[in-house]
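J.: If you scroll down you'll find the structure; I have some questions about it.
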Amino acid sequence: MSATMAEYQSSTSRRYDTQIHRRVTRTVNVGGVLIGSDHPVRVQSMINEDTLDVEGATAAIRRLHEAGCEIVRLTVPSLGHAKAVGEICQRLRETYQPVPLVADVHHNGMKIALEVANHVDKVRINPGLFVFDKADPDRTEFSGEEIASIRERIAENFEPLVTRLKQQDKALRIGVNHGSLAERMLFAYGDTPLGMVESAMEFVRICDSLDFHNIVISMKASRAPVMLAAYRLMADTMDQEGFNYPLHLGVTEAGDGDYGRIKSTAGIATLLAEGLGDTIRVSLTEAPEKEIPVCYSILQSIGLRKTMVEYISCPSCGRTLFNLEEVVQKVRDSTSHLVGLDIAVMGCIVNGPGEMADADYGYVGKGPGVISLYRGRDEIRKVSESEGVDALIQLIKDDGRWVDPP
């Protein structure tokens, strides 16, 4: 027997909810861009130029920012690179504008992090590499004394960076990667999501002991199921311990092309739909600017940000009365510069008006050579197919919702 409406409405299961309820997280300021559940999910990417190439890196940052990237990351593998970041920031101020920047610091990067923290808005460290010891192939275990000594060394090396970030009101990303867990974590927990979470929590607890809370957490893996499990466990662990830090989502090393986009979407969109995630990066083996449309498409597809036209179109069938693929492309070419509209292109009158009921405007096949134009659920007028796209544009203009393309 199916559930009654009363049972459906009273159900406490969010599996039936059409709204996304974001996990409540604190606000972290990254160069004026606010990350947290009170703010839009932010879009990030990373340049692939050598940071020592000041001109090239500056141009790459600008390209990303102009493409819609809100926070840009760059790699800082040496002290020379860290000092070059200061020149990049100056060049951006002189030739463009300040852009929120994140410095990526890896192997034994204490001195590098301290230097680059003077220039950027956020520092990203990898717990498995920040205090890095080469794995010993002959080791069979870690003693309690060894683990305590390593933790003491981590806290000693990490504290100056935390202190500097706190003094300058800057942010930290604790960015765990599944493929670079510390050896002792692998011995204790294996190559598992639990090992990833414990690796992050070790650094979270140090920050908390120093009363530093401008923290964002990431738990990236190249396999979506591992990434999903790690983020869910991290969120639950933080909630249990009273930490409400934002999450940075991503499937690392996702690849390129359609598969890279699908793989990233499988991981990122799944967690966003569960209410987890405050900033995202799609990692593609392509020009970084190509990541940005994918990020915004993910956010728009599940209703978290509205930054472009939403196109609704049927898959076409024997009832379709015009070349649907061709018309959809014409409509897209004419309206893709608009923001915040839902436009439907439907092949026939059978399902069209019902399936596009939530659209702002509709273009529906009425009969051979005849198109019906809709505003919401209301049919406004019928025109010939040859006039259809122009008439749709005129309807948008009549409603005062048109802007000329840039």
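The values are calculated or read from the model by the stated rules, or taken from the named source; none is laboratory data. The structure presented is a predicted model; accordingly, all values stated were derived computationally and were not measured. All Cβ positions, glycine included, derive from the backbone under ideal geometry; neighbour counts span all protein chains shown. Ligands, DNA and RNA are stripped out before the accessible areas are found, and what is left, the full protein with its side chains, is counted by its heavy atoms. Shrake-Rupley method; radii C 1.70, N 1.55, O 1.52, S 1.80 Å.
J.: Could you pull out every one of the strands (runs of 3 or more DSSP E) wholly within region 361-406 that has 1 or more residues that are buried (at least 16 other Cβ atoms within 10 Å of the Cβ) and aromatic (F, W, Y)?
T.: The qualifying strands (runs of 3 or more DSSP E) are 361-367, 370-375.
J.: Given the condition within 12 Å of the chain's Cα centre (by Cα), under 18 Å from H337 (Cα atoms) and of a type in the set (G, A, S), answer yes or no: does some residue in region 285-308 qualify?
T.: Yes, the conditions are met somewhere in region 285-308.
J.: Oh, and also: Please name all residue pairs, on different chains or six or more residues apart, with Cβ atoms under 8 Å, provided the first residue is in region 51-70 and is in contact (Cβ under 8 Å) with a residue 12 or more places away in the chain and under 18 Å from V294 (Cα atoms) and the second residue is buried (at least 21 other Cβ atoms within 10 Å of the Cβ) and of a type in the set (S, T, N, Q).
T.: Close Cβ pairs satisfying both conditions: L64/S45; C69/Q44; C69/S45; E70/Q44.
J.: Can you tell me which residues in region 322-339 are without any contact (Cβ under 8 Å) to a residue 40 or more places away in the chain, within 22 Å of G367 (Cβ to Cβ) and assigned to a loop (DSSP other than H, G, I, E, B)?
T.: Matches in region 322-339: N323 only.
J.: Still on this structure, please answer the following. Filter region 37-63 down to the residues that are touching an Asp or Glu at 6+ places or on another chain (Cβ under 6 Å) and within 15 Å of E286 (Cα to Cα), then identify the one that is surrounded by the most Cβ atoms within 10 Å (Cβ to Cβ).
T.: Filtering first and then ranking leaves S45.
J.: Also, I was wondering about something else. Keeping to region 150-169, report how many residues are within 13 Å of D121 (Cα to Cα) and either among the polar types (S, T, N, Q) or open to solvent by 30 Å² or more (accessible area, probe 1.4 Å) (or both).
T.: 5
J.: I'd like the full set of residues that are open to solvent by 30 Å² or more (accessible area, probe 1.4 Å) and closer than 22 Å to D121 by Cα, limited to region 171-204.
T.: Within region 171-204, N177 is the sole residue that qualifies.
This table checks each residue for (1) assigned to a loop (DSSP other than H, G, I, E, B); (2) at positive phi; (3) acidic (D, E).
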| site | (1), (2), (3) |
| --- | --- |
| D50 | yes, no, yes |
| T58 | no, no, no |
| I61 | no, no, no |
| H65 | no, no, no |
| A82 | no, no, no |
| E87 | no, no, yes |
| Q90 | no, no, no |
| V99 | yes, no, no |
| A103 | no, no, no |
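J.: Quick one: would you say L79 is touching an Asp or Glu at 6+ places or on another chain (Cβ under 7 Å) and either open to solvent by 60 Å² or more (accessible area, probe 1.4 Å) or of a type in the set (D, E) (or both)?
T.: On the way: touching an Asp or Glu at 6+ places or on another chain (Cβ under 7 Å): yes; either open to solvent by 60 Å² or more (accessible area, probe 1.4 Å) or of a type in the set (D, E) (or both): yes.
In short, yes.
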